[in-house]
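Only the coordinates and a few stated rules stand behind these numbers; no lab work does. Quick caveat, the model's predicted, so the values are computed rather than measured. FYI the Cβ positions are ideal-geometry reconstructions off the backbone, even for glycines, and counts take in every protein chain you see.
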Amino acid sequence: MTGWQQFPATALLILADGTRLEGRGIGAIGHSAGEVCFNTAMTGYQEILTDPSYAGQIITFTFPHIGNVGTNDDDIETVNMAALSGVRGCVLRADITNPSNYRAAHKLDAWLKSRNIIGITGIDTRALTARIRETGMPSGVIAHSPDGYFHEPSIIAELKAFPGLEGLDLAKEVTTAQTYRWDQTGWKWNEGYGRLENPEFHVVAVDYGAKRNILRCLADQGARVTVVPATATAKDILAHNPDGIFLSNGPGDPAATGKYAVPTIKALMETGKPVFGICLGHQLLGLALGGKTSKMHQGHHGANHPVKDLTTGKVEITSMNHGFAVDSESLPSGVIQTHVSLFDGSNAGLAVEGKPIFSVQYHPEASPGPHDSHYLFTRFLNLVRAQKGLPQQPESATPAV
């Protein structure tokens, strides 16, 4: 009986404390530094890897079998194709297998290369996840070299140069470069995506790193969407004469993005138009209302996070992706906490008393429940309907377009 055959490492993951993990490389060749986090979702890896909210991060997947359903052109979430998603890398337990799914168009390895995402397999992701839970999300550098040769001084230099996400404005890196219109509606079995033919409403979405399915959910409610860059001013936004304003998800430190976003949001709130924020948009709204945000120990990343809607008493299973949170105790009088995470009690939603302004920390456009949180888009457009004197839609239903 012969011993185990040893293969040279073709990928490395080096953490800021010097921890060195060796594995097999996939995807793009090279090296890239970022914040190492973990995601607990069992499905949806393509959506995760194209979510701009992960810009600047290296994603550790806790589910061991990633790549088994391949990739396709329908499940991409980033809107700004020029910037791709900003994800720095991915860490996997098992080698990628051949895809087995009727929707698969590409193998994950080739798809990662096309999007310039570096990957490493053969890592004990369970142990790495436990480490992050205990010590927090570390800075790290991921490297892939097919011949097994690494110029480690260059790799370590990039790691040392990575500033971390605190104080980092990444919205400018993933936002759209120009204003455009969106009218694509949700995916239907064996039909694909549709088009909104006769919009009832007009919503302006501020793109801090927007996901496509958020825009589709707005279109499903009958809203034509005008998407504007993160740096758009209140004057720019109001020139489109919107019925409502949406503040999108996105990456980085909300306090950094807030330097230019908060004055805009304050001016928008003064108009009396309905405002709805998700993820980074929620955090920026919290800052604009006088609250504070802070860096989380391990963040919330996954598709199995229970959240309680304090306005209805219902518990929903949500998708989350954030490393910063609004401090609920910092919210001023007149701003109420509407949702709370049942994992750690952190803030997951807020609303302004007497005004059509609210937001949530999680991602209601995702479908882990599968549709537990879609009511929030109805809630937003009901605020628009109320201002127009139109009948309200039941929050439990998503109207057919």
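Just a few scattered comments:
- For the chain, the Cβ-based charge dipole about the Cα centre amounts to some 320 debye (Lys, Arg positive; Asp, Glu negative; other atoms uncharged).
- Sorted fewest first by neighbouring Cβ atoms within 10 angstrom, 373, 328, 154 come out as 154, 328, 373.
- Averaging the sequence gap over all C-alpha pairs within less than 8 Å and six or more residues apart, then dividing by the number of residues, gives the chain a relative contact order of 14 percent.
- Greater than 20 Å apart at Cα, pairs in 266/355; 355/388; 235/259; 259/295; 235/273; 107/172: 107/172
- Converting phi to 3J(HN,Hα) with the Karplus coefficients 6.51, -1.76 and 1.60 and the offset θ = phi - 60°, segment 56-65 yields x, 10, 10, 9, 9, 8, 6, 6, x, 9 Hz in sequence order, with x at every glycine or proline.
- Note on residue 29 and residue 106: their simple-model spin labels are 1.8 nm apart, each label 7 Å out from Cα toward Cβ.
- Per principal axis, descending, Cα span of segment 171-388 in whole Å: 43, 41, 35
- Summed residue charge, Cβ within 10 Å of residue 95's Cβ, Lys/Arg positive, Asp/Glu negative: +1
- Leading residue at positive end of dipole, segment 11-161 (Cβ point charges), from 79, 142, 125: 125
- Mean Cα-pair separation over length for segment 1-141, i.e. relative contact order, pairs under 8 Å, 6 or more apart, %: 34 percent
- The phi torsions of segment 378-386, fed into the Karplus equation with coefficients 6.51, -1.76 and 1.60 and a -60° offset, translate into couplings of 5, 4, 5, 6, 5, 5, 5, 4, 4 Hz, rounded to whole numbers, with Gly and Pro shown as x.
- Between 388, 292, 211, the GNM of the chain built on Cα springs shorter than 10 angstrom shows 388 fluctuating the most.
- The equivalent ellipsoid that matches the C-alpha gyration tensor of the chain spans semi-axes of 37, 23, 19 angstrom, in descending order.
- Taking amide hydrogens as placed 1.01 Å from N in the peptide plane, the amide H of residue 60 sits under 5 Å from those of 37, 38, 39, 91, each at least 5 positions away in sequence or on another chain.
- Sequence-ordered 3J(HN,Hα) estimates for segment 285-298 from the Karplus curve with 6.51, -1.76 and 1.60 and θ = phi - 60° stand at 5, x, 5, 5, 8, x, x, 10, 10, 8, 6, 8, 5, 10 Hz, glycine and proline given as x.
- Within segment 11-161, all pairs of alpha-carbon atoms sorted by distance into 5 Å bins from zero give the percentages 2, 10, 20, 25, 21, 13, 6, 2, 0.
- When only Cα pairs below 8 angstrom with a gap of at least 6 residues are kept, segment 171-388 shows a relative contact order of 17 percent.
- Beta bridge orientation in the chain: antiparallel %, DSSP, nearest 5: 65 percent
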